[in-house]
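Only one structure is covered here, and it is reproduced in the block below.
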Amino acid sequence: MSSEFEISRSITIGQYVPTGSFIHRLDPRIKLLVFVILVVAIAFNTSYFGNAIGLVLSLYLFWASKIPISYGLSGVKPAIPFIVILAVLQLLFQGQLFSDGRVYVDYGFVLITSESIRLVVVSAVRFIEIIFLSSVLTLSTSTTELTHSIQSLLSPLKKIKFPVHEISLITTIAIRFVPTFAIEMEKMMKAQASRGADFGTGGWWRIVQRTKEMFPIIIPLFNIALSRAEDLILAMESRCYTPGGERSSYSVYKAIAKDYLVLLVGLFFSLLLLFYPFPF
Amino acid sequence: MTGRPIIEIENLSHTYMKGTPMEHVALKGANLYAEEGECIAIIGHTGSGKSTLIQHFNGLMRPESGKVIIDGEDLSKKKVDLKTLRQKVGLVFQNPEDQIFEKLIGDDIAYGPFKLGLPIKEVRERVKWAMDVVGLDFEEIKDRQTFALSGGQKRKVALAGILALKPKILVLDEPTAGLDPKSRKELLDKIKRLNKDEKLTVVFVSHNMEEVAMLADRVYVMAGGTDVLTGTPKEIFTDKEKLQHHQIGTPETVQVLYKLTDLGYQVNTEAFSVLEAAEEIMKVLAGKKEGSEHVQRI
Amino acid sequence: MEPIIRLENVSFSYKINEKTKVSVLKNISFSIFPGEYVAIIGHNGSGKSTLSKHLNGILTPDSGDVWVHGHNTKDVNKKRSIRQAVGTVFQHPDNQIVATIVEEDVAFGLENIGVPREEMKKRVDEALNVVKMSPFRHRPPHHLSGGQKQRVAIAGVLAMKPDCIVFDEATSMLDSFGRKEVLQVMRKMNNMGMTIITVTHHMSEAAEADRIIVIEGGQIVMDGPPREIFKHKLELENLQLEVPSVSQMAEVIHSQFNTFSKDIIQENEFIEEVEKFHKEEVGT
């Protein structure tokens, strides 16, 4: 039996699992870039064949990252009800929009065609592919590497005076404080429960009551966040931080031949998925 | 002390995130026993399992394996009336002032009693009593704004918020951390009073050995998720090797006495207060020169 | 010798609303010289924390001036060099770590002042070495203990190569072990020539310093070496400050054996005094 309050430990954002695999050792910028183009390609591919390739590819990448498969599955598991509901809704109501192909059911407003079935299957598989791909990315890349990569991918925007440094610093700080706040929130829930507070009583439809129940948590957390922010600003200023000022960078990445090779392979698959006319 | 057991913990274990790569053993066969009216201190290094242990007292964590019996009720059974349990065991977290959320002091203290579903008159009585115990004037302070209080006062308000539940057992996690000497002393006096006059069973976690020496009837030393040493403060603080082994400090006075014993002086290290320790040393210094029976209190 | 920091008639008040102001610092003057180890003590609300925020221009006085290396903290153009010269380690270990990895946090200040990368690497290595945190350089900060986090914060300041570090109640959130770790680092840095200012209400910490400034009601009430300060036991108690246990013990013993010195502030001194006294007794 475990506790009802274990939030801080079940948060998986930034849950980097260092296995030292070849995926882990890739230049994080290239990794992020390949991830983005693959996701885009998968999102636009509607063929069975293409998605089969996508699925195999994402499972392969997961395997190659040497992360226990239970991790990938634990990412998929919570999404299952969502995928099922979406599939049922699509199956029932999307037929009218995709009425081409063989008609299987035509009853009232419900129209099920071979095309609408394809849509249902493909979007479910697509979902799983994307979950696996994002798991590979976040489990094999530290948050620091991620923010640096975002920063360097955005850096061309500096030319149009987009505050790239600031955005990436804000992201870093936000990620930095996720575990801290999870711990804080867990402590607060426990502290208020010790005073007799109960959370999640009364069904979800009793929104007002449930919102009220959250006040004893949210108000203190808000106060804590504010005072932390205040402290943090002082600490940053004391270390010579000036908003918008020129800064140098501690982490520098250098892509090597292997990274470019991965980029090429990624590009190849993306273009394949985007433009190749798969037969079915 | 009545001799009636009120907390019985046997062979308690807990592992966080079991079955994942983040698995972390917090408790491994821990034991703790307290009689009604006792004052128990738990000491130990950060990460020794103290916090996980005390969260089992009021059912915030349920026993994974092992036995937890609070006031005769076995918490390892499936159905436990958590509301009654949490009323009976008042758990005060570290920096409890953080949990204050109402605008007015009186309202915040009344939160617990209201949650118990008590009539308004009873709630008022309890708030008044709780404020009285911690040394806040009911009429003067109840309608003040919570944010305008000093750190020490906020902590008193938070403590009152728990006391208003009228618990039989008061559990405190580092009650004086971050307070200045004056507020610290005040708070310790209140806790002592609750234990001695109101007959509450008190369990507290502390890093401050002076506090432990002053307050506790018995001490549990935790290390690596289990209790490694138990006894009265006197017994604990004289076990120098074990304390050092578990990286536990001693009161400054005892530290001096230890050093003197190392140098071959025959001092009794069971003295914690400045006066006691000084008397011990004087006994040795007097040595051949008799006649230092009465020491003036300064 | 030129002082690093010089305060001249500094007064400061917090504005609560349009009408009311609370005066926190009243006409404070003192100087801090290179290599000093100074403790500023006072109970909560005495103004010591506000004072510490004046030392590197986070706050500037309403009247009077603070000079750091001859630069007035009111001079906006000198802000950067002032903060480079006087670094601060704050109270809350969690609220001063910016990055998601230890070494990157240590580099944060260096990135801000635009130190070139090679130099940065070197300085981060050195700073982590001084605080003995090198083995943790790739760890995320939330896996560290309080004392370790404070040591990371110290490394972050140290890497900026300041002339002086202010510890603003930097040990108050730590357990006795964490406190010891931090105090050791402070002592070590002072031995290396760093000027240290520590703001605290722990008397045993203040006893470590070469000089103590006692603040009460926004004013300096005592300023001198610990030995002098701790002689005023009654006054300190009136200020809700306690002298270290060993001083108290020495005083008790002195009241019985007047040849036993009562001017004792540190443990080893106390032990030495017992030994000395004992020998003399045996000798006679």
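The figures follow:
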item	result
Residue ID - nearest to C:H254 (Cα to Cα), chosen from residues in region C:230-242 that are more than 10 Å from chain B (Cβ to nearest Cβ) and not polar (S, T, N, Q)	C:K231
Residues (free of Cβ contacts under 8 Å to residues at least 60 places away in the same chain and either more than 14 Å from chain B (Cβ to nearest Cβ) or within 11 Å of the chain's Cα centre (by Cα) (or both)) located in region C:162-181	C:T171
Hey, C:K53 under 22 Å from the mean Cα position of the chain (by Cα) and within 29 Å of C:F230 (Cβ to Cβ) or not	yes
Region B:63-82: number of residues that are surrounded by fewer than 19 Cβ atoms within 10 Å (Cβ to Cβ) and either under 16 Å from B:F204 (Cβ atoms) or in contact (Cβ under 8 Å) with a residue 12 or more places away in the chain (or both)	10
Region A:159-195, residues that are among the basic types (K, R) and away from chain B (no Cβ under 14 Å)	A:K159, A:K161, A:R176
Which listed residue, of A:L137, A:L154, is within 29 Å of A:A52 (Cα to Cα) and within 22 Å of the chain's Cα centre (by Cα)	A:L137
Number of positions in region B:193-243 that are of a type in the set (A, V, I, L, M, F, W, C) and part of a helix (DSSP H, G or I)	9
Spans of helices (runs of 4 or more DSSP H) in region A:30-142 with at least 1 residues within 27 Å of A:P18 (Cβ to Cβ) and among the aromatic types (F, W, Y)	A:48-64, A:69-76, A:114-140
Region A:203-230: number of residues that are charged (D, E, K, R) and closer than 21 Å to A:A191 by Cβ	4
Within region C:119-128, considering residues that are more than 7 Å from chain A (Cβ to nearest Cβ) and in contact with a Leu (Cβ under 7 Å, 6 or more places away or on another chain), the one nearest to C:K188 (Cα to Cα)	C:A127
Only listed residue being more than 30 Å from C:F167 (Cβ to Cβ), surrounded by fewer than 19 Cβ atoms within 10 Å (Cβ to Cβ) and either among the hydrophobic types (A, V, I, L, M, F, W, C) or within 11 Å of another protein chain (Cβ to nearest Cβ) (or both), chosen from A:L153, A:L234	A:L153
Candidates C:N72, C:N56 - the one that is surrounded by fewer than 19 Cβ atoms within 10 Å (Cβ to Cβ) and either touching an Asp or Glu at 6+ places or on another chain (Cβ under 9 Å) or within 21 Å of C:A209 (Cβ to Cβ) (or both)	C:N72
Check on C:L110, modelled with pLDDT under 90 and of a type outside the set (D, E, K, R)	no
Any hit, region A:139-150, residues being within 14 Å of chain B (Cβ to nearest Cβ) and either touching a residue at least 12 places away in the same chain (Cβ under 8 Å) or more than 30 Å from A:L86 (Cα to Cα) (or both)	yes
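Condition check ((1) at the interface with chain A (Cβ under 7 Å from one of its Cβ atoms); (2) crowded, with 22+ Cβ neighbours inside 10 Å; (3) touching a residue at least 24 places away in the same chain (Cβ under 8 Å)) across all residues:
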| site | (1), (2), (3) |
| --- | --- |
| C:V89 | no, yes, yes |
| C:T100 | yes, yes, yes |
| C:E104 | yes, yes, no |
| C:N112 | yes, yes, no |
| C:R117 | yes, no, no |
| C:V130 | no, no, yes |
| C:H138 | no, no, yes |
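The values are calculated or read from the model by the stated rules, or taken from the named source; none is laboratory data. Values in this document were obtained by computation on a predicted structure and should not be read as measured data. Backbone-built Cβ (ideal geometry, glycine too); neighbour counts: all protein chains shown.
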